[in-house]
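Scroll down for the structure; my scribbles are underneath it.
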Amino acid sequence: MSDQDLRTFLTEYQEQFPDDLLTIDVPVSEAEDIAAIVWELAAHDRHEMLKFSNVEGSDYEVITNMFASRDRIERMLGAAPGQLHTRYQDLAAEPRPLRVLDHGPVLGSITSGDGVDLFKLPLLTHFATDLGPYVTSGIIVAEDPENGRGNLSYHRATVSSRNGLATSLHSRGDLWRMLRAAESRDELLPIAMVIGAHPLFMLAASARVPPDVDEREIAGGLFEAPLEVVRTPSHGISVPASSEFVLEGSIDPAKSVTEGPFGEFSGYSSDRSTRNLIEVETVMHRSDPLWIDIVGGNSNEHLNLARVPRESEMIRRLRDRFTAVKRVHYPHSGTHFHCYVAIDQRHPGEARQVMLALLGWDPYLKTVIAVDDDIDLTDDGAVLWALATRFQPDRDVFVIDGLPGSPLDPSSSPEGSTARMALDASRGADFEATPIAISAEAMTRAQALLDL
């Protein structure tokens with residue numbers, strides 16, 4: 001097998017960047033402790049990958065916070081510093097067909113039928129406001145029964161019985177449409193849930209692609225080699241051969257189950273849910289498996305995992321159409337609802353046209369702020385300074401209402417509709433002001449005097 005194994009990645013990463021993986025050996029509770037540690041580290045601007053070797057009630061090591069650092073995601077992709085989005089798009093644009101293997105590590109242990117007991121999984125509770133413990137890294141794999149084309153998507157899930165998982169599907173997503181198609185055929189929808197795989201596979205599962213694109217082939221593009229898969233025992237669904245856990249089963253369109261509330265990316269606890277039931281028929285895992293966790297809510301990891309593919313897509317689409325676009329950034333403070341775009345505006349109205357495109361292309365966005373290329377998009381304070389000094393509300397803002405938005409936005413309508421706003425904080429043609437400046441020589445002397 002090639003290096004599509006999570007274990008290989010973790011070993012090699014720790015050897016190359018030992019200070020970026022923090023191992024915690026002291027006992028921690030399965031209820032909230034892991035999320036609390038992630039939050040406390042983030043408060044000190046620390047985003048190390050975390051390994052917990054002693055989680056109470058669990059026989060497995062827990063790995064989390066893998067995607068909390070953009071620098072680490074660059075390293076995963078083999079991107080040069082500052083080239084994260086270009087590297088992602090270049091690799092994702094070269095999908096590879098699957099390579100089916102007869103054997104793989106995930107087939108090391110197979111339990112089915114009455115032997116299935118989901119309560120034996122290392123279930124973690126992240127927030128006091130959650131319904132209970134949740135599987136947060138589960139990637140559901142489903143295949144079109146006619147052409148075998150696959151779909152990957154993340155879905156929160158909580159154990160409702162020995163063989164039942166309560167989950168919420170995205171009611172505008174591809175998996176939801178596949179479930180409705182199965183319902184029209186009076187059939188169940190076979191699925192497999194992957195819990196723990198190489199981070200490039202996990203990143204590919206966040207890709208926003210048309211329904212006729214198989215995200216598993218996008219994973220092959222990120223690997224620069226075909227994704228190596230094995231087929232699940234009952235339904236023959238192709239899953240990564242080196243997965244840590246795979247739960248195989250089906251979703252019955254006619255069944256519903258209590259699910260939620262759950263801490264979502266908005267930073268709020270949400271009980272909006274499609275309340276679907278996954279009936280698990282088979283549990284597969286490799287020998288001595290790792291448990292891969294994603295701390296939910298508005299954690300850096302949760303937001304980055306979706307944000308990096310989204311930013312990469314938007315930058316490529318904008319630059320293909322607008323040469324004035326220099327950079328795009330979705331700030332942590334705005335969850336998925338805000339975007340900053342830096343432009344080199346050469347024609348009146350160009351910033352408005354760019355912002356209108358962003359608001360049209362990304363259904364999650366509510367607010368876009370356009371600034372000049374001298375503004376650091378990763379610094380909220382710098383963007384707000386541009387808004388304070390280069391923006392006039394009576395001429396530099398426009399609002400569009402009644403558009404589809406995210407149903408997880410607590411301020412949206414019950415149907416999930418929202419308004420969208422664009423703020424042009426770029427210098428206009430008549431702007432006359434010179435920013436203050438301190439010479440590089442004076443700054444160097446100051447640093448030497450203060451021993452910084």
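Any read-out appearing in this document is the output of simple, stated calculations on the displayed coordinates, not a laboratory observation. It should be emphasised that the depicted structure is a prediction, and the values quoted were computed from it without experimental measurement. We place every Cβ from the backbone using ideal geometry, glycine too, and count neighbours over all the protein chains shown.
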ask   = So what is the relative contact order of the chain, in percent, for Cα pairs below 8 Å that sit 6 or more residues apart?
value = 15
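Over the Cα atoms of the range 377-452, Rg to Rh with Kirkwood Rh, two decimal places?
Rounded to two decimals, Rg/Rh equals 1.23.
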ask   = Among Ser270, Ala241, Thr258, whose Cα lies farthest out toward the positive end of the dipole of the range 223-340, if unit charges sit on the beta carbon of Lys, Arg (+1) and Asp, Glu (-1)?
value = Ser270
task = Could you state the angle between the C-alpha long axis of helix 6-16 and the longest principal axis of the C-alpha atoms of the chain, as a value from 0 to 90 degrees rounded to the nearest 10?
result = 40
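Label the range 7-103 by shape, choosing from rounded, prolate and oblate, from the square roots a ≥ b ≥ c of the eigenvalues of the Cα gyration tensor; if a/c is under 1.5 it is rounded, and otherwise prolate applies when a/b is larger than b/c, oblate when it is not. Provide the component values of the computation, followed by the final result.
Values: a/c = 2.35, a/b = 1.46, b/c = 1.61.
It is oblate, given that a/c is not under 1.5 and a/b is not larger than b/c.
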message = Tell me which chymotrypsin sites (Phe, Trp or Tyr not before Pro) from the range 235-280 have a DSSP coil assignment and no more than 15 other beta carbons within 10 Å of their own.
response = none
request  = Return one quarter of the surface area of the convex hull spanned by the alpha-carbon atoms of the range 233-295, equal to its mean projected area, in nm².
outcome  = 5.9
ask   = HN-Hα J couplings of the range 316-328 from phi, Karplus 6.51/-1.76/1.60, θ = phi - 60°, integer Hz, Gly and Pro as x?
value = 5, 5, 5, 5, 5, 9, 10, 5, 6, 6, 9, 8, 9
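For the range 81-287, count the residues as N, evaluate 2.2 N^0.38 Å, and divide the Cα radius of gyration by that value, please. Could the numbers behind the result be given before it?
Working: Rg = 16.6 Å, N = 207, 2.2 N^0.38 = 16.7 Å.
In units of the 2.2 N^0.38 Å rule of thumb, it is 1.00.
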Theoretical ellipticity at 222 nm over the chain - DSSP helices of four or more residues, -39500 (n - 2.57) apiece, nearest 500 = -8000 deg cm²/dmol
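Are there any trypsin sites (Lys or Arg not before Pro) in the range 243-294 that are in a DSSP loop and have at most 16 other Cβ atoms within 10 Å? List them by number.
Working: sites: Lys255, Arg272, Arg275, Arg286; in loops: Arg272, Arg275, Arg286.
Those that pass, being in a loop and sparsely packed, are Arg275.
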query = Under the Karplus relation 6.51 cos²θ - 1.76 cosθ + 1.60, θ = phi - 60°, what is the ordered set of whole-Hz ³J(HN,Hα) values for the range 437-446, x standing for Gly and Pro?
reply = 8, 10, 5, 4, 5, 5, 5, 5, 5, 5
key: Built amide H within the under 5 Å cut-off of Ser171, gap 5+   = none
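Please go through the range 309-372 and write out the trypsin sites (Lys or Arg not before Pro) that DSSP classes as loop and that have at most 10 other C-beta atoms within 10 Å.
Values: sites: Arg310, Arg316, Arg317, Arg319, Arg321, Lys326, Arg327, Arg346, Arg352, Lys366; in loops: Arg346, Lys366.
Answer in residue order: Arg346.
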remark   = Sorted by chain and number, the residues with a modelled amide H under 5 Å from that of Met66, at a separation of 5 or more or across chains, are Leu50
ask   = Which of Ser168, Ala207, Gly349 sits closest to the plus end of the dipole of the chain, meaning its Cα is farthest towards the positive end, when Lys and Arg get +1 and Asp and Glu get -1 on the C-beta?
value = Gly349
ask   = Semi-axes of the equivalent ellipsoid of the chain: what are they in whole Å, largest first, if each equals the square root of 5 times a C-alpha gyration tensor eigenvalue?
value = 39, 26, 21
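For every other residue with a beta carbon closer than 11 angstrom to the beta carbon of Ala42, add +1 if it is Lys or Arg and -1 if Asp or Glu, then tell me the sum.
Result for the local shell: -3.
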ask   = What are the radius of gyration and Dmax of the range 322-424, computed over its Cα atoms and given in Å?
value = 13.4, 41
request  = Post the alpha-carbon centroid distance, the range 39-83 to the range 373-452, in whole angstrom.
outcome  = 29
